[in-house]
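The values are calculated or read from the model by the stated rules, or taken from the named source; none is laboratory data. The structure displayed is predicted, hence computed values, not measured ones. In this analysis, Cβ positions are derived from the backbone assuming ideal geometry, glycine residues included, and neighbour counts consider all displayed protein chains. Keep in mind that these areas ignore ligands, DNA and RNA; they rest on the heavy atoms of the full protein, side chains included. Shrake-Rupley method; radii C 1.70, N 1.55, O 1.52, S 1.80 Å.
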Amino acid sequence: IETVCAACTQLHHALEEGNMLGNKFKRRSILLKTLCKLVDVGSDLLSLKLAKIILALKVSRKNLLNVCKLIFKI
């Protein structure tokens with residue numbers, strides 16, 4: 001779990017440096033699907049890191065609701 005958390009932190013920094021946060025990222029939907037699958041791991045720290053990345057991608061509607069539920073669950 002520590003390795004995945006470190007990878008999430010690196011991913012967030014890479015997306016930030018590449019100016020790919022928000023709706024501009026071409027493979028955004030694939031990334032969101034992958035991140036949502038990682039939510040089921042069950043680690044609170046990992047869930048917070050995933051929520052940070054997902055919120056930085058400026059999700060809306062159902063994805064935003066799911067992230068809010070995840071944060072509330074933690």
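Odds and ends about this structure:
- Note on the chain: with neighbouring protein chains present and a 1.4 Å probe, carbon and sulfur make up 58 percent of its accessible heavy-atom surface.
- Taking every protein chain into account, the accessible area of the chain amounts to 72 square angstrom per residue (probe 1.4 Å).
- Whole-number percent relative contact order across the chain, with pairs defined as alpha carbons under 8 Å at least 6 apart: 38
- Remark: the Asp44-Ser60 segment gains 3.5 nm on full extension, using 0.36 nm per residue and subtracting the alpha carbon distance.
- Within the chain, longest stretch free of exposed trypsin sites (Lys or Arg not before Pro) [DSSP loop, at most 14 other beta carbons within 10 Å]: 28-57
- Label point at Leu70 placed 7 Å out along Cα→Cβ; residues across the stretch 1-27 whose backbone nitrogen lies under 20 Å: 1-17, 20-27
- Largest to smallest accessible area among Cys36, Cys8 [probe 1.4 Å]: Cys36, Cys8
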